[in-house]
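Take a look at the structure below.
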Amino acid sequence: MGLLDPTPTPYDPLEWVQKPLPERGRMVCEAWGLQGYGTPPAVYLVYAIKVGLYGLGWALFCTMQPELGSLSTIGEWWLHPLAFQLAIVWSMLFEVLGFGCGSGPLTGRYFPPVGGFLYFLRPGTTKLPLLKGAPLVGGRTRNLLDVLAYGGLVGCAIWALVAPAWEPFLALAVLLPVCGLLDKTLFLAARGEHYWVTILVFAAASGEPQWIAGAMVVQLALWFFAGVSKLNHHFPAVVCVMTSNGPFTRFGWMRRAMYRDYPKDMRPSRVATVLAHIGTALELGVPIAFLLTPLGQEPLVAILLMLALHGYITSNVPMGVPIEWNVMVVYAGFALFWAHPDISPWTADPAVLAFVLTASVGVPILGNLFPERISFLLSMRYYAGNWAYSVWLFEGESYRKLEKLTTSADWVYDQLARFYDHGTSVGLVGKVLGFRLMHLHGRALPLLVPKAVDRLEDYEWLDGELVAGLALGWNFGDGHLHHEQLLESLQAQCGFEPGEVRCIFVESQPLFRKSLRYRIVDAATGEIERGELSVDELRSRQPWSAVAEETAA
């Protein structure tokens with residue numbers, strides 16, 4: 001196997017894709033358990049180089065500031081408040097251009113490896129407006145206003161990087177919500193719940209100590225709600241999926257230990273469950289440790305916990321690849337808390353503090369209680385395994401109607417045809433089915449797919465993440481990007497016949513509830529069925545099975 005070749009599946013992919021879902025699911029889940037996604041080794045090197053370029057870009061912008069210094073003196077200025085401000089703006093720009101989360105093969109983006117600006121600067125591409133149908137701003141496709149707003153956002157970010165001051169920060173704070181109004185995808189791609197809130201703090205605070213305090217509150221909320229989101233039964237499955245896919249956890253005994261009785265019982269083992277509990281405690285412990293550190297004392301314990309947490313996440317190179325974001329979060333821990341142990345988060349200006357608490361505490365609380373209404377990113381429910389998702393089923397070659405869309409990427413198999421034979425491509429994309437089934441919410445699919453179509457063999461299965469990546473130019477785990485609004489837009493542009501496209505939409509589990517809501521929709525005729533599934537009942541199933549087994553422990 002070469003550096004560019006994925007790990008071969010232990011079955012013939014072209015025979016596998018013709019099998020019924022239970023058998024297909026069992027085979028791909030067994031393969032994922034030991035192989036993960038099967039990512040070519042060279043892909044990890046590419047991601048490592050990208051992280052290096054991300055860091056280098058920030059450093060070069062910092063060297064343009066007289067207050068900082070050259071690369072040779074980076075050790076003297078890397079924690080300077082101005083360096084932190086530049087890091088926030090640079091990170092937002094990096095993400096909104098499409099180079100961060102949701103880029104490359106680990107998000108099903110093969111050629112080109114990024115979407116982002118290739119879509120956002122192109123009139124006619126599909127968007128998801130906040131005010132659907134409103135004049136000028138609510139169209140299905142991008143117009144000149146959309147392109148100009150996005151170009152203005154990018155230009156203001158560059159302005160803030162080369163001439164940081166109150167004015168460019170204020171311009172960014174205004175422009176990003178405008179872009180989000182025109183296309184929800186853009187606000188999410190810019191990681192608005194983190195970078196926009198922090199940039200607004202820069203613009204609104206009365207002085208340096210006050211904006212540092214406000215940024216601290218944002219940072220603490222990110223860790224805390226990421227931990228809260230894992231207080232459920234979903235996260236142990238995430239540990240299994242990540243361990244089976246990590247580049248540094250390639251030991252067969254380690255991967256088998258994540259499951260109760262591989263390959264017969266692939267529900268999370270006690271080992272995986274304990275690791276999940278430790279991870280949750282660690283994520284909740286980081287912000288608590290920072291808050292409990294006496295004022296004026298360096299937060300050594302909190303820093304060590306933070307490094308352990310994000311070192312584990314980053315080393316697993318999770319699907320969606322939020323690597324640069326994790327680097328930024330770690331840097332923020334040093335630049336805010338380590339460099340300023342004498343500043344309390346609660347000393348921010350009252351108005352700024354009220355805004356931050358609303359955006360970084362109030363919105364996540366609502367998002368956990370009503371996840372169907374708020375993006376999992378705005379809710380700070382990061383990599384908890386409890387996300388809205390969708391599966392799109394295209395009858396025969398009806399997917400070819402997607403060619404009517406204005407995009408910068410081809411159908412996923414056409415992208416892969418540039419590199420691999422069709423069998424290898426089917427095996428690689430088929431692993432996404434395994435990824436979905438292996439999560440707790442994915443165990444709903446053996447129950448729901450037969451409700452959606454009579455013969456799965458007659459349909460091309462594509463995860464909604466890949467549909468969003470193709471149509472919108474960005475995808476990062478938010479199922480709301482590929483639910484009804486996108487389906488309605490694609491139906492209007494492509495004109496599918498009844499039965500040609502069937503979609504299964506599954507929502508997140510709300511906090512304090514024990515069920516998942518789902519909908520099955522035909523692109524042409526509308527909703528077919530909706531209902532709820534018991535999470536406890538799903539826990540009793542194998543990922544590929546529609547039949548409950550022994551009661552889950």
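The values are calculated or read from the model by the stated rules, or taken from the named source; none is laboratory data. Note that the structure is a prediction, hence the values are computed from the model and not measured. Neighbour counts run over all protein chains shown; Cβ positions are idealised from the backbone, glycine included.
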(Q) Going residue by residue through segment 117-134, is there one that turns out to be among the β-branched types (Val, Ile, Thr), modelled with pLDDT of 95 or more and touching a Leu at 6+ places or on another chain (Cβ under 7 Å)? (A) yes
Q: Please work out which residue is surrounded by the most Cβ atoms within 10 Å (Cβ to Cβ), limiting yourself to segment 122-164 and to residues that are without any contact (Cβ under 8 Å) to a residue 12 or more places away in the chain and on the phi > 0 side of the Ramachandran plot.
A: Leu136
**Q.** Yes/no for Gly473 being crowded, with 23+ Cβ neighbours inside 10 Å, within 19 Å of Trp411 (Cα to Cα), touching a residue at least 40 places away in the same chain (Cβ under 8 Å) and in contact with a Leu (Cβ under 8 Å, 6 or more places away or on another chain)
**A.** yes
(Q) Can you tell me how many residues within segment 123-146 are part of a helix (DSSP H, G or I) and within 24 Å of the chain's Cα centre (by Cα)? (A) 1
Q | Lone unmet requirement of (1) assigned to a loop (DSSP other than H, G, I, E, B); (2) closer than 20 Å to His234 by Cβ for Asp454 | A | (2)
Q) Quick one: would you say Val218 is crowded, with 16+ Cβ neighbours inside 10 Å, more than 30 Å from Val89 (Cβ to Cβ) and under 24 Å from the mean Cα position of the chain (by Cα)? A) no
Q. If you scan segment 180-211, which residues turn out to be more than 19 Å from the chain's Cα centre (by Cα) and crowded, with 24+ Cβ neighbours inside 10 Å?
A. Leu182, Thr198, Ile199, Leu200, Val201, Phe202, Trp211
(Q) Given the criterion surrounded by 18 or more Cβ atoms within 10 Å (Cβ to Cβ), in contact with a Cys (Cβ under 9 Å, 6 or more places away or on another chain), among the aliphatic types (A, V, I, L, M) and modelled with pLDDT of 95 or more, identify the matching residue among Leu445, Leu393. (A) Leu393
Q) Does Gly69 satisfy the criteria of being closer than 30 Å to Val449 by Cα and part of a loop (DSSP other than H, G, I, E, B)? A) no
Q.
Whether any residue in segment 347-358 is assigned to a helix (DSSP H, G or I) and under 20 Å from the mean Cα position of the chain (by Cα) is what I want to check.
A. no
Q: Would you kindly identify the strands (runs of 3 or more DSSP E) lying entirely within segment 488-553 that contain at least 1 residues that are buried (at least 21 other Cβ atoms within 10 Å of the Cβ) and basic (Lys, Arg)?
A: 501-506
Q) Can you pull out the residues in segment 161-202 that are in contact with a Leu (Cβ under 9 Å, 6 or more places away or on another chain), in a helix (DSSP H, G or I) and of a type in the set (Asp, Glu)? A) Glu193
**Q.** Tabulated pairs, segment 25-41, first over 12 Å from Gly434 (Cα atoms), second polar (S, T, N, Q), C-beta under 8 angstrom, 6+ apart or interchain
**A.** Thr39/Thr7; Thr39/Asn245
Q) Within segment 1-51, restricting attention to residues that are part of a helix (DSSP H, G or I) and among the aromatic types (Phe, Trp, Tyr), which residue is nearest to Lys264 (Cα to Cα)? A) Trp32
Q.
Given the criteria among the β-branched types (Val, Ile, Thr), over 30 Å from Ala444 (Cα atoms), at pLDDT 95 or above and in contact with a helix residue (DSSP H, G or I) (Cβ under 6 Å, 6 or more places away or on another chain), does Val51 qualify?
A. yes
Q) For segment 42-54, does any single residue satisfy the condition of being closer than 28 Å to Leu437 by Cα, crowded, with 20+ Cβ neighbours inside 10 Å and of a type outside the set (Ser, Thr, Tyr)? A) yes
(Q) Of everything in segment 278-326, what is in a helix (DSSP H, G or I), small (Gly, Ala, Ser) and surrounded by fewer than 18 Cβ atoms within 10 Å (Cβ to Cβ)? Give them in sequence order. (A) Ala281, Ala308, Gly311, Ser315
Q: Would you be able to tell me the number of residues in segment 231-265 that are part of a helix (DSSP H, G or I) and either in contact with a Leu (Cβ under 9 Å, 6 or more places away or on another chain) or surrounded by 15 or more Cβ atoms within 10 Å (Cβ to Cβ) (or both)?
A: 14
(Q) Checking the structure you have, find out if any residue of segment 471-486 is at pLDDT below 95, polar (S, T, N, Q) and closer than 30 Å to Ala190 by Cβ. (A) yes
